[in-house]
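Novice: I'd like to ask some things about the structure below.
Nothing in this text is a laboratory measurement; each read-out follows from the coordinates by a stated rule. This one's a predicted model, so the numbers in the text were calculated from it and none came from an experiment. So basically every Cβ, Gly included, is an ideal-geometry build from the backbone, and we count neighbours across all protein chains shown.
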Amino acid sequence: MSRTHKITLIPGDGIGPEVSNAVVRILEAAGAATGVAFDWERSAAGAEAYEKYGEYIPKELYASIERNRVALKGPVTTPIGGGFKSINVTLRKKFDLFANFRPIRNLPGLETHYPGVDLIIVRENTEGSYVGLEFEVVPGVVQSIKVITEKASTRISEFAFEYSRKMGRKKVNTVHKANIMKMSDGLFLDCSRKVAARYPEIGYSETIIDNTCMQLVTNPYQFDVLLMENLYGDIISDLCAAFVGGLGLVPGANLGTECAIFEAVHGSAPDIAGKDLANPTALLQSAVLMLHHINESETADRVQQALENVYQEGKTLTKDVGGNSGTMAFADAVVAAMETPVTA
Ligand code: NAI
């Protein structure tokens, strides 16, 4: 008898459907071997959903996430300048997914300029400059409001320290710009410090965002868990992705107390969409985080091991990491590695 998990699947647009199909294929193969079945509830979001249903986020998608409490999401394009509000930001806010968790780790066999990186980015996910409060005061003058609250800053700090305690991480570093944004980043910093004082066994430090970028590029090994507000987390995530081979690799989880949405750090990559060039590794590693979250660690380990074997072997990789295989060919190689473990 297999255990069945109902999971909301948002394939997204751009490269979203390609990487989602690849990940579903791998998860189903892994599940078949470990007695786990997936009942995917697929739903469109963004421009595609608007064309079909006249809504950017269909009611059924909200209902599906409410029911299942777990979603796997491909990237969704957000128009630049005008157009509709980010689907990602809207979902994170709606389900109060306050913690954006992004582990940055090298894959075995994939050479980068920075071997052995092991960083955790903890990004506040519900406020900061992403609240969407922008106004034209008078023509030619626009105001954009950044919201930082004690409540959200304290709970994201608690998340970072609780995670560190549970996983034996040594140090949390808060990234800020409180020298300029004295009140907003000042409050974030103040909350971090108060929480840090309750975890004396975990080291605590602070760096200003601009210096953090330089310090990271110079020596990423000096950091362990990086804690920050929304916008800094967005930028630092892409910077850190480059340490381990790029955006095609880095996974993410949006976590709340009731629901969780798992998605890669990358976007819809319109430059390579529909060309069979997308690397599904980032979404696959997000799915591994999801499998752990739903207590299917055996399946998660099986997928991760097969993925690592494929990288270790290095024969069937996508173009972004120096290979010449397509998205589905890569997925096939991961499935094959689950059946016949590859040796380096
Ligand atoms: P992007 O992450 O889509 O692409 C940046 C670069 O990385 C491109 O050269 C792209 O080809 C490459 N890349 C990204 N993912 C890849 C993968 N899996 N395999 C191989 N190469 C990959 O960032 P960009 O171009 O700034 O954003 C495009 C759209 O995506 C925008 O509308 C943006 O708002 C949206 N976006 C959506 C996100 C989400 O749904 N969670 C997150 C970030 C951006």
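Novice: Report, as a whole number in µm² per second, the diffusion coefficient that Stokes-Einstein gives for the range 135-252 at 4 °C and 1.567 mPa s using the Kirkwood radius over alpha carbon pairs.
Specialist: Numbers: Rh = 15.4 Å.
Approximately 84 µm²/s, per Stokes-Einstein.
Novice: Which residues in the range 164-188 place their backbone N less than 20 Å from a point set 7 Å from the Cα of Asn211 along the Cα-to-Cβ direction?
Specialist: Inside the label zone: 171-188.
Novice: Only bridges with both residues in the range 118-242 count here: give the DSSP antiparallel percent, nearest 5.
Specialist: On the way: 5 of 18 bridges.
Around 30 percent antiparallel, to the nearest 5.
Novice: Here's another thing I want to ask about it. Can you give the calculated 222 nm mean residue ellipticity of the chain, where each DSSP H run of n ≥ 4 adds -39,500 (n - 2.57) and the sum is split over every residue, rounded to the nearest 500 deg cm²/dmol? Before the final figure, lay out each step's value.
Specialist: Values: 11 runs with 141 residues, N = 344.
That calculation yields -13000 deg cm²/dmol at 222 nm.
Novice: A follow-up question, please. Given R₀ = 51 Å, what would the calculated FRET efficiency be for Thr112 paired with Phe135, taking r from the Cβ atoms and rounding to 0.05? Don't skip to the answer; put the middle values down first.
Specialist: Details: r = 43 Å, r/R0 = 0.84.
For Thr112 and Phe135, the calculated efficiency is 0.75.
Novice: Let me ask something else. In what sequence, highest mean first, do 133-142, 162-171, 316-325, 217-226 appear when ranked by Cβ atoms within 10 angstrom?
Specialist: Working: 133-142: 8.3, 162-171: 13.2, 316-325: 18.1, 217-226: 16.4.
In decreasing order of mean packing, 133-142, 162-171, 316-325, 217-226 become 316-325, 217-226, 162-171, 133-142.
Novice: Now a separate question. Hey, which of these cross-link pairs are over 19 Å Cα-Cα: Lys73/Lys93; Lys73/Lys171; Lys146/Lys194; Lys146/Lys177; Lys93/Lys151; Lys93/Lys171? Present the calculation step by step, with values, prior to reporting the outcome.
Specialist: Numbers: Lys73/Lys93 15 Å; Lys73/Lys171 30 Å; Lys146/Lys194 22 Å; Lys146/Lys177 13 Å; Lys93/Lys151 15 Å; Lys93/Lys171 28 Å.
Distance filter (> 19 Å) returns Lys73/Lys171; Lys146/Lys194; Lys93/Lys171.
Novice: Give me Rg over Rh for the range 1-137, both radii from the alpha carbons and Rh done the Kirkwood way, two decimal places. Please list the in-between numbers first.
Specialist: On the way: Rg = 17.7 Å, Rh = 17.3 Å.
Dividing the radius of gyration by the Kirkwood radius yields 1.02.
Novice: Could you work out which residue, out of Gly252, Gly109, Gly16, moves most in a Gaussian network model of the chain, that is, has the largest mean-square fluctuation with Cα springs under 10 Å?
Specialist: Of the options given, Gly109 has the highest mean-square fluctuation.
Novice: How large is Rg over Rh for the chain, taking Rg from the Cα atoms and Rh as the Kirkwood inverse mean of 1/r across Cα pairs? Don't jump to the answer; show the numbers that get you there.
Specialist: Working: Rg = 20.0 Å, Rh = 20.8 Å.
Using Cα coordinates only, the ratio equals 0.96.
Novice: Hey, what angle do you get for helix 59-68 against the long axis of the chain, alpha-carbon based, 0 to 90 degrees rounded to 10?
Specialist: Tilt of helix 59-68: around 80 degrees.
Novice: Now for a different question. Hey, got the dipole for the range 292-344? About the Cα centre, +1 on K and R Cβ, -1 on D and E Cβ, debye to the nearest 20?
Specialist: Values: 3 positive and 8 negative charges, 45 e Å.
For the range 292-344, the charge dipole is close to 220 debye.
Novice: Moving on to the next point. Identify, among Asn309, Leu187, Thr34, the residue whose Cα sits farthest towards the positive end of the charge dipole of the chain, taking +1 on the Cβ of Lys and Arg and -1 on the Cβ of Asp and Glu, with the dipole about the Cα centre.
Specialist: Checking the options against the dipole of the chain, the answer is Leu187.
Novice: Rank Pro251, Leu284, Val70 by how far each Cα sits towards the positive end of the charge dipole of the chain (+1 on Lys, Arg Cβ; -1 on Asp, Glu Cβ) and give me just the farthest.
Specialist: Value computed over the given set: Val70.
Novice: If R0 is 51 Å, what FRET efficiency do you get for Gln312 and Met183 from their C-beta distance, rounded to 0.05? Let's see the in-between values first.
Specialist: Numbers: r = 49 Å, r/R0 = 0.97.
That pair, Gln312 with Met183, gives E of 0.55.
Novice: To test your reading of the geometry: what angle, between 0 and 90 degrees and rounded to tens, separates the Cα axis of helix 184-197 from the longest principal axis of the chain?
Specialist: Roughly 70 degrees, rounded to the nearest 10.
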